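As structure tokens, the structure follows; a few thoughts come after it.
Nothing in this text is a laboratory measurement; each read-out follows from the coordinates by a stated rule. Just so it is clear, the model here is predicted, and its values are computed rather than measured. Counting neighbours? That spans all protein chains shown, and the Cβs are built from the backbone with ideal geometry, glycine included.
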Amino acid sequence: MTRIDVVDNHGQFTHLEQRALRDIGVDVELVDNETPPADIEADGLVLSGGPDIDDIGRCPDYLELDVPVLGICLGMQLVAQELGGTVGPGDYGGYADVTVEITDDTDPLVGSLAPETRVWASHADEVKEVPPGFIRTGRSDVCGVEAMSDAERDIYGVQWHPEVSHTEEGEAVFRNFLARCE
């Protein structure tokens, strides 16, 4: 069975990420963001959202583990920042229902989603420029980078929360990520 570790960055939805993965039959563990990377024995990592990018702990070291990584909200922002992209304040702030346009229908993470999909997202901070090697795979009227991928390194990010019921195709995002971890 595939094992996924959800790295807890102290976000309000972290336990929902764990539950959503468990509900689709995944062996999933919640690990503290100070867990040494050498102690991670998962087939894939989800970097959860959180309140503050400065409280993320050792996540940059997790990007070196050679397992697929999915950054959610703040987790995506960390990936972007650590790998050479830019992150800054969003223009619209807090949580809202947003329509995302999928801009790459071949992407392993979001390419199978509807061309336009409704999601629940926070835009207090957001990725302004994707890191080298990444492509933007989703955008909205609210945010220029709603999703990004580096399929070669199996590192992905979504600004939205696939684990909440307000996101129409959240389970599909998790299933697509799991396919990369098998």
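Between Asp52 and Ala124, what is the spin-label point distance in nm, taking each point 7 Å from the Cα along the Cα→C-beta axis?
Simple spin-label model gives 1.0 nm for this pair.
Around Ala124, with a cut-off of 11 angstrom between Cβ atoms, what is the net charge of the other residues, counting Lys and Arg +1 and Asp and Glu -1?
So the environment of Ala124 carries a net charge of -4.
Determine the sum of side-chain charges near Arg139: Lys and Arg each +1, Asp and Glu each -1, restricted to other residues whose C-beta is under 10 angstrom from that of Arg139.
Charge balance in the 10 Å sphere: -2.
Need one word for region 86-133: rounded, prolate or oblate. Basis is the Cα gyration tensor (sqrt eigenvalues a ≥ b ≥ c); a/c below 1.5 gives rounded, then a/b vs b/c decides.
It is oblate, given that a/c is not under 1.5 and a/b is not larger than b/c.
Using a Förster radius of 22 Å, what is the FRET efficiency between Ala179 and Glu41 based on their Cβ-Cβ separation? Nearest 0.05, please.
For R0 = 22 Å, the calculated efficiency reads 0.65.
Would you mind giving the average projected area, over all directions, of the Cα convex hull of the chain in nm² with one decimal?
Averaged projected area of the chain's Cα convex hull equals 8.6 nm².
Starting at 0 and stepping by 10 Å, how many percent of the alpha carbon pairs of region 1-55 end up in each bin?
Reading the bins upward from 0: 26, 54, 19, 1.
Can you pull out the GluC sites (Glu not before Pro) in region 59-167 that DSSP calls coil and that have at most 11 other Cβ atoms within 10 Å?
When the GluC sites (Glu not before Pro) of region 59-167 are filtered for loop state and at most 11 Cβ neighbours within 10 Å, Glu64, Glu152 remain.
Given the DSSP H assignment, sum -39500 (n - 2.57) over each helix run of at least 4 residues in the chain and divide by its residue total; what's the result at 222 nm in deg cm²/dmol, nearest 500?
-5500 deg cm²/dmol
According to a simple spin-label model (label point 7 Å from Cα along Cα-to-Cβ), what is the distance in nm between Val31 and Arg139?
Simple spin-label model gives 3.6 nm for this pair.
So which residue, out of Val79, Val127, Val28, gets the largest mean-square fluctuation from a GNM of the chain using Cα contacts under 10 Å as springs?
Comparing Val79, Val127, Val28 in the GNM, the peak value goes to Val28.
Suppose R0 equals 25 Å; then what is the FRET efficiency for Arg3 and Glu64 from their Cβ-Cβ distance, rounded to the nearest 0.05?
0.85
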